[in-house]
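The values are calculated or read from the model by the stated rules, or taken from the named source; none is laboratory data. Every value quoted in this text rests on a predicted model; they were computed, and no experiment measured them. Note: ideal-geometry Cβ built from the backbone for every residue, glycine included; neighbour counts use all protein chains shown.
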Amino acid sequence: MKDFYLEILHVDKNCGARYGILHTPHGDVEVPMFMPVGTLATVKTLSPEELKEMGAGVILANTYHLSIRPGADIVAAAGGLHKFMNWNGPILTDSGGFQVFSLAQKRNITEEGVTFKNHLNGDKLFFSPEKAIEIEEKLGADIIMSFDECIPYPASYDYVKKSMERTLRWAKRGLDAHKREDQALFGIVQGGEYEDLRKQCAEELVKMDFPGYSIGGTSIGEPKDVCFKMIDYSVKYLPTNKPRYLMGVGSLDYLLGGIYRGVDMFDCVLPTRIARHGTLMTSTGRVNIKNEKYKLDFTPLDSSCDCYCCKNYTKAYLRHLYVCDETFGKRLLSIHNIRFLIKIMEGAREAIKEDRFEEYMNVTLAAFGDKRGF
RNA sequence: GGGAGGGUAGCGAAGAGGCUAAACGCGGCAGACUGUAAAUCUGUUACCUACGGUUUCGGCAGUUCGAAUCUGCCCCCUCCCA
């Protein structure tokens, strides 16, 4: 598909970080980038206009969730996701592979696919690689994911191997089923923390020649060094001219660590979820806006932030909204957290162009201070 | 004036002799959250010199080995009748 390709414009001389432009049918976006998650065709509490203003490029949506509500046919009848949700930028749909992990208690895996008992009413729902593609074609995102199994951590070598090999077979089946020319189907590298498995998976996927590759099975509770190993063991075997997407990562240290290792795209529910729960990422560290100490704090959340929230509101006001459970508070905090990560990415891109990404990463993390990195 | 029902931790509300420093809810305080079953979940919330100790269930005085729980008196609140 010619409308979709990654144009690498610069690779940092001192590390794997790369700057480029991802061309998609719905516009060009710069990488590395952070993609806000809008599972149900909405980034919770935020409007598309606000997301645009924050500098969001790609938005995620979810195949499993949308297939249940409202149903893929309804989205198709609406003219596809872009029209349905009024987002004319690029959209990426996850395949439901993550739900194989997050809804582990409600599903059964076979070679053919996964049978879910849907989380709302227990209805049976069968997802095969072909079915996932069929739904994703109806949804009509620019970038779509292969149906995989996101395995838990830790997992035994034998299990990871079996699962990865099945995910590979599923990737091939999805690829064969995929017909739409205006969608880029990504393969997902699994293989847990085992280098030989990651290598095998990546190499086999590369043979299938996907327009992009994801690194999956990360950000599910594994230690940071393990996550970085997973990235290294995957990136190493992926082509330089295709986008690399680290799935589910959203804390500062993992994001910067991923960029450092050559990852281009990231998504995570973390900024929006923790915002709704009163936790903010700021340039000087983590803030729990509900804390009593902010009662009389009439300064902005992050004085170096340019978001609508930080430019117009004080911590005391944000705390008040949170304490009163006002929707506007959740909106403002979500705006901030997303803008914060997007701004981190903007800074990363500038740093890469000037071959000083490593320094940027270290300075940013040091200022943040929190050992957990977010 | 007569009758009835009540007073339990910041609030609401269980408890009706030992297992009760006292359920539960709210409020308060703190924490978690990573391809969203998440506007969710967890911990904590009498006091202290805190793997222990000290005072609590309107007040005072009793009964009992032991009382928020039983008895007497007192104070206060609500409702009904005059």
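Hey, which of the helices (runs of 4 or more DSSP H) in the stretch A:228-344, taking only ones fully inside, have at least 1 residues that are in contact with a Leu (Cβ under 8 Å, 6 or more places away or on another chain) and within 15 Å of RNA strand B (Cβ to nearest atom)?
Because the criterion is at least 1 residues that are in contact with a Leu (Cβ under 8 Å, 6 or more places away or on another chain) and within 15 Å of RNA strand B (Cβ to nearest atom), the helices (runs of 4 or more DSSP H) in the stretch A:228-344 that meet it are A:252-260, A:270-276, A:315-323.
Mind checking which pairs have a first residue in the stretch A:6-34 that is of a type in the set (Ser, Thr, Tyr) and a second that is part of a strand (DSSP E or B), Cβ under 8 Å, 6 or more apart or different chains?
That search, which allows pairs on different chains as well, returns A:TYR19/A:ILE8; A:TYR19/A:LEU9; A:TYR19/A:HIS10; A:TYR19/A:VAL11; A:TYR19/A:GLU30; A:TYR19/A:VAL31; A:THR24/A:ILE143; A:THR24/A:ALA184.
Condition test on A:LEU51, is it within 14 Å of RNA strand B (Cβ to nearest atom), among the aliphatic types (A, V, I, L, M) and under 27 Å from A:MET345 (Cα atoms)?
In short, yes.
Return a yes/no flag: does the stretch A:44-54 have any residue that is modelled with pLDDT of 95 or more, outside any loop (DSSP other than H, G, I, E, B), under 23 Å from A:PHE127 (Cα atoms) and hydrophobic (A, V, I, L, M, F, W, C).
So far as the stretch A:44-54 goes, no, none of its residues is modelled with pLDDT of 95 or more, outside any loop (DSSP other than H, G, I, E, B), under 23 Å from A:PHE127 (Cα atoms) and hydrophobic (A, V, I, L, M, F, W, C).
Residues that are under 16 Å from A:LYS343 (Cβ atoms) and either within 16 Å of RNA strand B (Cβ to nearest atom) or not in a strand (DSSP E or B) (or both): does the stretch A:59-69 have at least one?
No, because not a single residue in the stretch A:59-69 is under 16 Å from A:LYS343 (Cβ atoms) and either within 16 Å of RNA strand B (Cβ to nearest atom) or not in a strand (DSSP E or B) (or both).
Can you tell me which of A:VAL58, A:VAL114, A:VAL100, A:VAL75 is surrounded by 14 or more Cβ atoms within 10 Å (Cβ to Cβ), in contact with a strand residue (DSSP E or B) (Cβ under 6 Å, 6 or more places away or on another chain) and touching a residue at least 60 places away in the same chain (Cβ under 8 Å)?
A:VAL58
State yes or no: is A:GLU111 away from RNA strand B (no atom under 15 Å from the Cβ), over 30 Å from A:ASP225 (Cβ atoms) and assigned to a loop (DSSP other than H, G, I, E, B)?
yes
Within the stretch A:10-45, how many residues turn out to be aromatic (Phe, Trp, Tyr) and within 17 Å of A:ALA56 (Cβ to Cβ)?
The number of residues fulfilling the criteria is 1.
Within the stretch A:117-175, how many residues are among the charged types (D, E, K, R) and part of a strand (DSSP E or B)?
The qualifying residues number 2.
Any idea which of (1) touching a residue at least 60 places away in the same chain (Cβ under 8 Å); (2) more than 10 Å from RNA strand B (Cβ to nearest atom); (3) under 25 Å from A:ILE231 (Cα atoms); (4) not aliphatic (A, V, I, L, M) is the one A:TYR159 doesn't satisfy?
Tallying (1) touching a residue at least 60 places away in the same chain (Cβ under 8 Å); (2) more than 10 Å from RNA strand B (Cβ to nearest atom); (3) under 25 Å from A:ILE231 (Cα atoms); (4) not aliphatic (A, V, I, L, M), A:TYR159 fails exactly one: (1).
Looking at (1) assigned to a loop (DSSP other than H, G, I, E, B); (2) closer than 20 Å to A:VAL58 by Cβ; (3) modelled with pLDDT of 95 or more, which is the only condition A:LYS179 fails?
(2)
Consider A:LYS2 carefully, then state whether it is at pLDDT below 95 and under 30 Å from A:ARG261 (Cα atoms).
yes
Can you tell me which residues in the stretch A:310-341 are touching a Pro at 6+ places or on another chain (Cβ under 8 Å) and in contact (Cβ under 8 Å) with a residue 24 or more places away in the chain?
Matches in the stretch A:310-341: A:CYS310, A:LYS315, A:SER334, A:ASN337, A:ILE338, A:PHE340, A:LEU341.
Of all the residues that make up the stretch A:177-191, how many are over 19 Å from A:LEU139 (Cβ atoms) and away from RNA strand B (no atom under 11 Å from the Cβ)?
1
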